[in-house]
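Here's the structure, in structure tokens; my notes come after.
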Amino acid sequence: MRITFQADADLGPDIGRGLRRTEPSLDFRHSADIIPDGTPAAEVLRVAAEAGRVLVTRDVRTMRVHFQEFIAERESPGVLLIPSSRSTGAAIEGLWMVWLTWAPEDFRNQVRWLP
């Protein structure tokens, strides 16, 4: 089974478009109409968890704290952090490599950094 991803509102649509060009079968759901900008972190985590998707976010400063609070009460498919210093191309390549080599259980209730 492959990882499925849910983008946070802080990720631009270029990452999703690039992933679809790189690997059309990779399941990467953009935040448009699902997670509007400004949605509280707890709600973002809930949306991703209920969909069974690993949340992909550039919110490296506060998401870890919100995630710890979230998993204290429920399960999560996990969170993947992408530093804002990482270029769009590097983020696409890193996500593709994660999709190819990691399994959903590698993320369960964990925060991981994009390699």
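Which residue, of 113, 96, is out of contact with any strand residue (DSSP E or B) (no Cβ under 9 Å at 6 or more places or on another chain), more than 15 Å from residue 42 (Cα to Cα), among the aromatic types (Phe, Trp, Tyr) and touching a residue at least 12 places away in the same chain (Cβ under 8 Å)?
96
Exactly one condition in (1) in contact with a Ser or Thr (Cβ under 9 Å, 6 or more places away or on another chain); (2) acidic (Asp, Glu); (3) modelled with pLDDT of 95 or more is not met by residue 37; state its number.
With (1) in contact with a Ser or Thr (Cβ under 9 Å, 6 or more places away or on another chain); (2) acidic (Asp, Glu); (3) modelled with pLDDT of 95 or more applied to residue 37, the lone miss is (3).
Restricting attention to segment 29-71, which residues are open to solvent by less than 20 Å² (accessible area, probe 1.4 Å) and closer than 23 Å to residue 93 by Cβ?
Selection gives 31, 48, 54, 55, 56, 57, 63.
Could you figure out which of (1) closer than 24 Å to residue 21 by Cα; (2) surrounded by 11 or more Cβ atoms within 10 Å (Cβ to Cβ) isn't true of residue 76?
It fails just one condition, (1).
Looking at the chain, what strands (runs of 3 or more DSSP E) fall wholly within it and have at least 3 residues that are in contact with a Lys or Arg (Cβ under 7 Å, 6 or more places away or on another chain)?
Where strands (runs of 3 or more DSSP E) fall fully within the chain and carry at least 3 residues being in contact with a Lys or Arg (Cβ under 7 Å, 6 or more places away or on another chain), they are 5-7.
Restricting to segment 71-93, name every residue that is at negative phi and in contact with a strand residue (DSSP E or B) (Cβ under 9 Å, 6 or more places away or on another chain).
76, 77, 79, 80, 81, 82, 83, 91
The values are calculated or read from the model by the stated rules, or taken from the named source; none is laboratory data. Just so you know, these numbers come straight off a predicted model, no measurement behind them. When we count neighbours, we look across all protein chains shown, and the Cβ atoms used for this are built from the backbone with ideal geometry, even at glycine. These area figures cover heavy atoms from the full protein model, side chains too; ligands, DNA and RNA do not enter into them. Shrake-Rupley method; radii C 1.70, N 1.55, O 1.52, S 1.80 Å.
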